[in-house]
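Down below is the structure, laid out as structure tokens.
Nothing in this text is a laboratory measurement; each read-out follows from the coordinates by a stated rule. Remember, it's a predicted structure, so these values are computed and weren't measured experimentally.
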Amino acid sequence: MKEPASGAKRGPFITFEGLDGSGKSTQLRLLAARLREHGHKVLETREPGGTPLGEEIRRLALEEREEAPAPRAELGLMFAARADHCARRIEPARAQGIWVLCDRFTDASEAYQGAGRGLGGELVRQLHRVLCPESWPDLTFFLDVEIATCLERSRQRLRREASREGRFESETEEFFRKVRDGYLEIQKREPARFRIIAAEGEVYDVAGKIWNELEAWRNAEAKQ
Ligand SMILES: Nc1ncnc2c1ncn2[C@@H]1O[C@H](COP(=O)(O)OP(=O)(O)OP(=O)(O)O)[C@@H](O)[C@H]1O
Ligand SMILES: [Mg+2]
């Protein structure tokens, strides 16, 4: 990768969060396209994944198996992928002024492994501080959709794509309730960064809300 131009502004780091099937990947693609129309360079990436090692870990972590990984093992896999992703992709891109849009990040570990699996948020934040000390999202869009809608959408998608990434889809409603509560805790702690987007509506209406929030954030940043 090229050296950053001296004095260049670091690219913004924006993450998308929400339950499975809430529309993260759809909205990330739309936002990336719109930013490119405005002349920005954009890296679209995802977690777990984003690097060759991360994608291998994704397969290990998400495919259904006879014995589910122990919760701490699952969390360890997520952070092994994340540490590689931050060092090899996210920070080098930001250093060149490239916008980074990431489908899930540490908030997902806090919600799924911290709240959903009961490991607690503090353990997740500690691992982040140790393993990914430079990478903190500037802005996060949490796509808020009814649990039942999410489950239906992602089950349909799994059937259509014959995907093997079905481990979380087989979880109970109770599990997703805990995950959602975990996300809402993050919002209470960091309301400026963590924006809840009501995302039940049409794809393009949701995209419009995200764009408006982004503009408001950029205006606030410009004043600082
Ligand atoms: N606003 C919407 N209204 C109706 N359907 C939608 C909407 N947004 C996305 N979908 C559809 O719901 C399904 C899940 O969307 P998408 O893959 O973007 O969600 P996701 O949050 O990335 O899911 P996952 O966590 O499983 O990766 C897709 O089939 C998509 O076309
Ligand atoms: Mg997705």
Distance between Cα centroids, region 11-44 to region 149-215: provide it in whole Å.
-> 14 Å
Using just the helices of the chain, give the 222 nm mean residue ellipticity in deg cm²/dmol: DSSP H runs with n ≥ 4 each add -39,500 (n - 2.57), and the total is spread over all residues, rounded to 500.
-> -16000 deg cm²/dmol
Computed over the chain, the relative contact order (Cα-Cα under 8 Å, seq sep at least six) in percent reads 30 percent
